[in-house]
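Asks: Here you go, one structure.
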Amino acid sequence: MLNFSKHNSGHLPEKQSLRLMIVDDHEILRHGLRDVIKTIKGFTVVAEASSCQDTLAQIQRTTIDLVFLELSLPDGDGMELVHLLRRRNPPPAVIVLSATLNDDLLLETMLAGASGYLTKDVPAAEIARLLQGFPRGEMVLTSVVASRLINLLVQKCLTAGMSQPAARDETRASSPPKRRPHNDDASDPPHTMESSPLQHLTPQEDKIFQLMRLGLSNKQIATQLSISRFTVGKHIQNILRKLGVTNRTQAAQAASYTAFEGVKNMIDISKFRN
């Protein structure tokens, strides 16, 4: 099960039942989901809402750990509501409910900090199984949705990675060479735009590095790139050596440009924010 980042889980209390809110403008769906959740140990539905306004009003007066949220609400933009909920302190986790698997909505909601994306045709038993892993920090995604999300992120990251060299070449072509002051100490190392350790990675290493940043295992990376796990391991050793680090966590912290930042730069989500 995917576990991109536990920060998406919001503020989760320990050793007590998680308090849920269900937000959907169809009463029959709210009741059906509530009945499913009643069967799952560690979860309690404490509130329901049918609109954005009702959601915000109830969350002001009720402690909520997790919100099941339908994005198509009659009085507002569901994506804007995701951002408003995630900016609360502490923020509740958000699991999106959708009638269909929509690539744009899937990517935007997960980048906005959602902890899951469920289509409304998911069987009750599958919802129960996925929610049982949620307190451990697992994303609430079916295997189909998880696979689709990984593919979308990989496509965005690889597209961003391929566009950067061209942008740097354009910048160098249009900018005059910089002259160093005459009184520079010759022993000082030059500081240029080309000093990023990422620029020393080969194209294949760069692809593997981006997939590492997404949290993929060596096996998953090998499958994605159609190479052996041994080859992936050798490339990762080279990446760590070039970045001057000893493990994946340090590699993630060493580079200023992250895979998710790259994806965010490709998508204009500012229109969803106040």
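Asks: Being closer than 14 Å to VAL23 by Cβ and not in a helix (DSSP H, G or I) is the filter here, so list the residues in region 78-115 that pass it.
Replies: PRO92, ALA93, VAL94, ILE95, VAL96, LEU97, SER98, ALA114 - these are the residues of region 78-115 that are closer than 14 Å to VAL23 by Cβ and not in a helix (DSSP H, G or I).
Asks: While we're on this one: With the condition kept exactly as written, say whether any residue in region 255-270 is part of a helix (DSSP H, G or I), at pLDDT 85 or above, exposed (fewer than 13 other Cβ atoms within 10 Å of the Cβ) and of a type outside the set (Asp, Glu).
Replies: no
Asks: Does region 173-231 hold any residues that are modelled with pLDDT under 80 and β-branched (Val, Ile, Thr), and which are they?
Replies: Answer for region 173-231, where residues must be modelled with pLDDT under 80 and β-branched (Val, Ile, Thr): just THR192.
Asks: Looking at (1) in contact with a Phe, Trp or Tyr (Cβ under 7 Å, 6 or more places away or on another chain); (2) farther than 21 Å from GLN155 by Cβ; (3) not hydrophobic (A, V, I, L, M, F, W, C), which is the only condition ASN247 fails?
Replies: ASN247 satisfies all of (1) in contact with a Phe, Trp or Tyr (Cβ under 7 Å, 6 or more places away or on another chain); (2) farther than 21 Å from GLN155 by Cβ; (3) not hydrophobic (A, V, I, L, M, F, W, C) except (1).
Asks: With respect to ILE95, determine if the residue is buried (at least 16 other Cβ atoms within 10 Å of the Cβ), under 19 Å from ARG30 (Cβ atoms) and over 14 Å from the mean Cα position of the chain (by Cα).
Replies: It is false that ILE95 is buried (at least 16 other Cβ atoms within 10 Å of the Cβ), under 19 Å from ARG30 (Cβ atoms) and over 14 Å from the mean Cα position of the chain (by Cα).
Asks: Let me ask something additional. Which residue is nearest to GLN204 (Cα to Cα), if the candidates are limited to region 135-159 and must be assigned to a helix (DSSP H, G or I) and among the small types (Gly, Ala, Ser)?
Replies: That would be SER147.
Asks: Give ARG129, ARG148, ARG88 a once-over and let me know the one that is buried (at least 16 other Cβ atoms within 10 Å of the Cβ) and either more than 17 Å from the chain's Cα centre (by Cα) or not assigned by TED's automatic domain parsing to the domain that holds ILE22 (or both).
Replies: Being buried (at least 16 other Cβ atoms within 10 Å of the Cβ) and either more than 17 Å from the chain's Cα centre (by Cα) or not assigned by TED's automatic domain parsing to the domain that holds ILE22 (or both) holds for just one of ARG129, ARG148, ARG88, which is ARG148.
Asks: Of the residues ASP65, ASP24, which is within 25 Å of the chain's Cα centre (by Cα), surrounded by 13 or more Cβ atoms within 10 Å (Cβ to Cβ) and closer than 20 Å to LYS120 by Cβ?
Replies: Going through ASP65, ASP24 in turn, just one is within 25 Å of the chain's Cα centre (by Cα), surrounded by 13 or more Cβ atoms within 10 Å (Cβ to Cβ) and closer than 20 Å to LYS120 by Cβ: ASP24.
The values are calculated or read from the model by the stated rules, or taken from the named source; none is laboratory data. All of these numbers come straight from a predicted model, not from anything done at the bench. Every residue, glycine as well, gets a Cβ built from its backbone with ideal geometry; the counts of neighbours run over all protein chains shown.
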